[in-house]
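The values are calculated or read from the model by the stated rules, or taken from the named source; none is laboratory data. From a predicted model like this one, the values you see are computed outputs, not experimental measurements. All Cβ positions, glycine included, derive from the backbone under ideal geometry; neighbour counts span all protein chains shown. Areas reflect the complete protein model, heavy atoms only, side chains present, ligands, DNA and RNA absent. Shrake-Rupley method; radii C 1.70, N 1.55, O 1.52, S 1.80 Å.
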Amino acid sequence: MRLSRIVGLAALALFSTAALSQTIKIGFITSYSGLNGNLGPYMERAVRLYIKEHQKDLPAGVKIELLIRDDTGPNPDKARQLAQELVVREKVDLLAGVIFTPNAMAMAPIATEAKVPFVIMNAGTSVITTRSPYIARVSFTLWQSSYPLGQWAAKKFKTAYSLVSDFGPGHDSEEAFIKSFTEGGGKMLGNVRVPLQNPDWAAYMQRVKDAKPDALMVFIPAGKTATAVMKNFSDLGLAQAGIKLIGPGDITTDEELPNMGDVALGVLTVHHYSAAADRPANKAFVAAWKKEYGASETPNFLSAASWDGTDMIFQAIKAQKGKLNPDKTMEIFKAYQNANSPRGPISIDPETRDIVQNEYLREVRRVGANVANVEIETVGTAVKDPWKQLKK
Ligand code: PHB
């Protein structure tokens, strides 16, 4: 073969792989240090597992590149700076992740200015999705869990007290619970907001004990804080005083149950995801997780949202054959549906770009050698964010 022909063929080969290969860059921001620093990996692992299992479904030559960044916990300045760098310097196609509301709020204007679709995989304050037309949320809102919780609680308890972390999702949880609990005939004996980091738990629990409510409704960010709540609730003797601990599922987050031990038994929560749910799609998800990360590892609600969010991103990539246009991506996100998510049927509400999902009443029970959030009743079907529904 003549040299010029070989060079020509080589050039053709190079050209065609270049034409066929397309890398989708996802700027993934979550917490690997600071408050909830142990939760970042629960999100990242779900994204990686989904990509590993479904890479084969992407158009030929399309690859995903994850650019992972640590926002160091609730730190809006850091999150803003990281998002800015990812958008300007790395030219990411999408932003995703984010545990904390203040961080998501700080990133919203960047998504809008740069027209970069932003998939929220945790942060749950209702208002967030109104801050940018480029946001779609696959996780939850606190109104979604705490509003049906209050409706249910009003049928079971005469009086309640609420204790929440003093930031966006805590305010939402408190407001939603008080509204539905009192509208259902319940009486609030008090409501207290505590600092997000290191509150004096014993002092707050004593105050609740003295008020003698039938139930204490708590919201704190999931993770180690939930275990501190359990420990102090138990140490101060609130259960013995006849007070029932209830809340959104953040207070009995699946990965912390082994650290909480028996004090969590009997705690009742409303939430959209439990690792113990026996839906076939959840069993497959949990089995794949254990196979990949070890038999003693369990996904949590942050993992479930990150898994579903990656599925939504894959739908957008497939529908656009690997070439993402931000506005088309948002249209695809708005039409997203999955009848078979690990948490049950889900969709995105096209009007609000917020998740629509079922809410389950769960009780912490011993199941074999483990302690688990056992789903006992579906208290809401295809629940849209009540905050947005009530505001209309
Ligand atoms: C939030 O900041 O929106 C947030 C953090 C932790 C949770 C729920 C919501 O468990």
Requested in this report: Run through the DSSP bridge list for the chain and note the antiparallel percent, rounded to the nearest 5.
Outcome: 35 percent
Query raised in the report: Roughly what angle does helix 280-293 make with the longest principal axis of the chain, taking Cα atoms, 0 to 90 degrees, to the nearest 10?
Result: 70 degrees
Query - Candidate aspartates and glutamates for bridging to residue 115, where Cα separation is under 12 Å - those fewer than 8 sequence places away on the same chain excluded - result: 93, 327
Query raised in the report: Once amide H atoms are placed 1.01 Å from N in the peptide plane, what residues at a sequence separation of 5 or more from residue 159, or on another chain, have their amide H within under 5 Å of its amide H?
Result: 187, 214, 215
Report task. Straight distance only, please: which aspartates and glutamates reach the Cα of residue 231 with their own Cα at less than 17 Å, same-chain residues fewer than 8 apart left out? Result -> 200, 250, 254, 255, 256, 262
Query raised in the report: Over region 239-392, what lengths in whole Å, largest first, do the semi-axes of the equivalent ellipsoid take, defined as the square roots of 5 times the eigenvalues of the alpha-carbon gyration tensor?
Result: 31, 20, 11
Query raised in the report: Given just the C-alpha atoms of region 107-188, how large is their convex hull per residue in cubic angstrom?
Result: 80 Å³
Report task. Provide, as a two-decimal number, the C-alpha radius of gyration of the chain over 2.2 N^0.38 Å, N being how many residues it has. Result -> 1.05
Query raised in the report: Once the other residues with Cβ under 12 Å from the Cβ of residue 229 are scored (Lys, Arg +1; Asp, Glu -1), what is the net sum?
Result: -1
**Report entry** Per residue accessible area in Å² of the chain, where ligands, DNA and RNA are left out and the probe is 1.4 Å
**Finding:** 41 Å²
Query - Vicinal HN-Hα couplings computed from phi for region 252-265 (Karplus, 6.51 cos²θ - 1.76 cosθ + 1.60; Hz; Gly/Pro x) - result: 10, 3, 3, 6, 8, 3, x, 7, 7, x, 5, 4, 7, 4
Requested in this report: For the chain, give the percent of accessible area contributed by carbon and sulfur heavy atoms, probe 1.4 Å, rounded to a whole number.
Outcome: 53 percent
Report task. For region 128-153 and region 353-391, write down the distance between their C-alpha centroids in whole Å. Result -> 12 Å
Requested in this report: Name the long-range amide H neighbours of residue 22: under 5 Å, sequence gap of 5 or more, or other chain; modelled H, no Pro or chain starts.
Outcome: 62, 63
